[in-house]
Amino acid sequence: AIINQLFYEGKLRTCHNILENIETWPLEIKKPIGACLLIDTADSDATCRMVGETRINDTHLEIIEEIINRSWFHEKIENGLEVGIITPYRGQSNKIKDLIRKTKLKNKVEASTVHSFQGQEKDVIILDLVDAPYKGECCVSFLNEYKNPQVKDLIKVAISRAKKKLVVIAHT
């Protein structure tokens, strides 16, 4: 519905049984609402930092690490659940890949930038938006249409990769 309303002016038709295929997640992650889950880090000490030309958000990395280290998450993947982790920044993507390599999921969970994920779909997409305050100032680059005129298309690509569940980690 989000993709349909924001990007396609209501012209898309959703399969009638889509709600039957929604993945439910344990409540310790956060209460799922439909097929979309927002993990909001605004009430945390989340910050992003610049590393060269890219950005890293260590709080978001900790959340992703917590998710990928859960035994129920491993079980779902072992039972065929396809998972992708998408982020707008190469630096964050590389850090996520390092986290995945440290687990038994190294060839089963794909992490990449939004640009690299075009044309792919996964059952579950975890979208890490990374941007958060930086040294007390607003540090929004990816979602800023003035700095990133392609943001609507990139968000459309990112959120439309999920077949069953979209998890968004963001500092709202």
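Structure above, values below:
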item: Residues (under 14 Å from the mean Cα position of the chain (by Cα), open to solvent by less than 70 Å² (accessible area, probe 1.4 Å) and not aliphatic (A, V, I, L, M)) located in region 60-78; result: His60
item: Residues located in region 114-124, provided they are outside any loop (DSSP other than H, G, I, E, B) and open to solvent by less than 10 Å² (accessible area, probe 1.4 Å); result: Phe117, Val124
item: Hits in region 80-107 (condition: closer than 22 Å to Ser160 by Cα and either open to solvent by less than 10 Å² (accessible area, probe 1.4 Å) or touching a Pro at 6+ places or on another chain (Cβ under 8 Å) (or both)); result: Val83, Gly84, Ile85, Ile86, Thr87, Gln92, Ser93, Ile96
item: Region 125-138, subset touching a Cys at 6+ places or on another chain (Cβ under 7 Å) and surrounded by fewer than 19 Cβ atoms within 10 Å (Cβ to Cβ), residue modelled with the lowest pLDDT; result: Tyr134
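The values are calculated or read from the model by the stated rules, or taken from the named source; none is laboratory data. From a predicted model like this one, the values you see are computed outputs, not experimental measurements. Cβ atoms come from the backbone with ideal geometry, glycine included; neighbour counts cover every protein chain shown. All accessible areas refer to the heavy atoms of the entire protein, side chains included, with ligands and DNA or RNA removed. Shrake-Rupley method; radii C 1.70, N 1.55, O 1.52, S 1.80 Å.
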